[in-house]
Amino acid sequence: MITGIGHLGIVVDDIEKSLDALSKIMKFEKPAIKEFPEKNMRCTVLNVNGLGLEFLQDNSEDGFLAKFGKERGNAIHHFCLLSDNIEADVEDLKQRGVAMMDQKPRIGLRGKKIAMTQPKAFNGITIELSEP
């Protein structure tokens, strides 16, 4: 069952610059940035009162987030809904006709099971389902 909102996924060209810019707007302790050299990506999550701001930096030329960033610049890519039974929720969404990028859950950057909808499922916005 969908239990709540987990985070907003934001594609950025430079995580440090984005965190520095946000720190001028609000005060926070800068989170650690995780490196994923095998995927040529970096990621960090800033917790703001229980809602995560997930900053994603794709350093590849042809990764799907790199393409997204080239088309739209720094922008919100997706929002995440938390699921207490992701396998069942993915099957339920598919049965209701929701177009899924992931036909079954996979392990995401943060080591949790995730599954993404196709953007067309929600008028151009991708939704990620994730384990809490």
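The values are calculated or read from the model by the stated rules, or taken from the named source; none is laboratory data. Note that the structure is a prediction, hence the values are computed from the model and not measured. When we count neighbours, we look across all protein chains shown, and the Cβ atoms used for this are built from the backbone with ideal geometry, even at glycine.
Summary table below
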item	result
Subset tally (residues that are assigned to a helix (DSSP H, G or I), farther than 17 Å from Gly4 by Cβ and touching a residue at least 12 places away in the same chain (Cβ under 8 Å)) for the range 91-130	2
Tally of residues being loosely packed, with under 15 Cβ neighbours inside 10 Å and within 13 Å of the chain's Cα centre (by Cα) across the range 96-109	1
Of residues in the range 5-33 being surrounded by 14 or more Cβ atoms within 10 Å (Cβ to Cβ) and in contact (Cβ under 8 Å) with a residue 60 or more places away in the chain, the one farthest from Asn74 (Cα to Cα)	Gly6
Candidates Phe55, Phe79 - the one that is under 17 Å from Lys120 (Cα atoms) and under 18 Å from the mean Cα position of the chain (by Cα)	Phe79
Test: residue in the range 120-127 that is β-branched (Val, Ile, Thr), within 30 Å of Glu29 (Cβ to Cβ) and at pLDDT 95 or above	yes
Restricting the range 29-39 to residues that are touching a strand residue (DSSP E or B) at 6+ places or on another chain (Cβ under 6 Å) and either among the hydroxyl-bearing types (Ser, Thr, Tyr) or not in a strand (DSSP E or B) (or both), the residue that is nearest to Ile114 (Cα to Cα)	Ile33
The range 63-76, subset without any contact (Cβ under 8 Å) to a residue 60 or more places away in the chain and in a helix (DSSP H, G or I), residue nearest to the chain's Cα centre (by Cα)	Leu65
Selection from the range 1-23 of residues that are hydrophobic (A, V, I, L, M, F, W, C) and in a helix (DSSP H, G or I)	Ile15, Leu19, Ala21, Leu22
Condition met for Phe55 (aromatic (Phe, Trp, Tyr), at negative phi and crowded, with 19+ Cβ neighbours inside 10 Å)	yes
Failed item in (1) surrounded by 14 or more Cβ atoms within 10 Å (Cβ to Cβ); (2) closer than 28 Å to Ser83 by Cβ; (3) out of contact with any helix residue (DSSP H, G or I) (no Cβ under 9 Å at 6 or more places or on another chain), with Ile2 passing the rest	(3)
Some residue of the range 74-84 being among the charged types (D, E, K, R) and either touching a Gly at 6+ places or on another chain (Cβ under 6 Å) or farther than 30 Å from Lys27 by Cβ (or both)	yes
